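Below you'll find the structure, written out as structure tokens, and then a few comments.
The values are calculated or read from the model by the stated rules, or taken from the named source; none is laboratory data. All of these numbers come straight from a predicted model, not from anything done at the bench. All Cβ positions, glycine included, derive from the backbone under ideal geometry; neighbour counts span all protein chains shown.
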Amino acid sequence: MAKKPSYIGTLTAIATAERGGYELFKAWASSTRDTRLRTALNTVAVREAEHSWAFEKRLSELGYPLESAKSKDANEIVKLAGSRSADTKKFHALGIGVKRTTDSDDQGDRLLSLLSDTTIDSQTGELLGRFICEERDSGRLLTEAYKSLQRRIGYKKKQVK
Ligand SMILES: [Fe+2]
């Protein structure tokens, strides 16, 4: 049998995290009353699910099928996402709309480091490249959804006065 690729752990972590992401954004989409936000959340949820499946498929092709394991942290944030808490609070829990404190919070650098392993085969590299770009786009989509929500909240408050 061929030597185990060094990036199996990375692929497993992504497949698992993206599954958790799907649960989170789906739960949030189901609980929000804001229809415009729901559209954005559903888009991200579908992307997360597709990423999870794509990485699980690649792991199977490489001969290392995914063994599902859930993290406790993921369960907590899914609970918050599906709760009646304010949408703004949920954004903040994901780090959107809050000031970043350290450089390590830089999503772009974290994602790019996924390709630092020079032994990654081209098919897996292609998948990782698409994943990185879509994750960044989802980040932009969520940031825009947050700003739009804040504008609508501000507008409603002005009307109440
Ligand atoms: Fe994701």
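Residue-level analysis places I120 among those that are at pLDDT 95 or above, surrounded by 12 or more Cβ atoms within 10 Å (Cβ to Cβ) and in contact with a Phe, Trp or Tyr (Cβ under 6 Å, 6 or more places away or on another chain). Taken over the range 3-29, the criterion of being more than 16 Å from the ligand (Cβ to nearest atom) and touching a residue at least 24 places away in the same chain (Cβ under 8 Å) is satisfied by K4, P5, S6, Y7, I8. Would you confirm, using the coordinates I've provided, whether L111 is at pLDDT below 95, farther than 16 Å from R38 by Cα and surrounded by 15 or more Cβ atoms within 10 Å (Cβ to Cβ)? Considered against the rule, which asks whether it is at pLDDT below 95, farther than 16 Å from R38 by Cα and surrounded by 15 or more Cβ atoms within 10 Å (Cβ to Cβ), L111 comes out as yes.
Restricting attention to the range 30-59 and to residues that are of a type in the set (A, V, I, L, M, F, W, C) and surrounded by fewer than 21 Cβ atoms within 10 Å (Cβ to Cβ), the residue that is farthest from the ligand (Cβ to nearest atom) turns out to be L59. Of all the criteria given as (1) touching a residue at least 12 places away in the same chain (Cβ under 8 Å); (2) more than 13 Å from the chain's Cα centre (by Cα); (3) over 30 Å from D121 (Cα atoms), the one not satisfied by L66 is (3).
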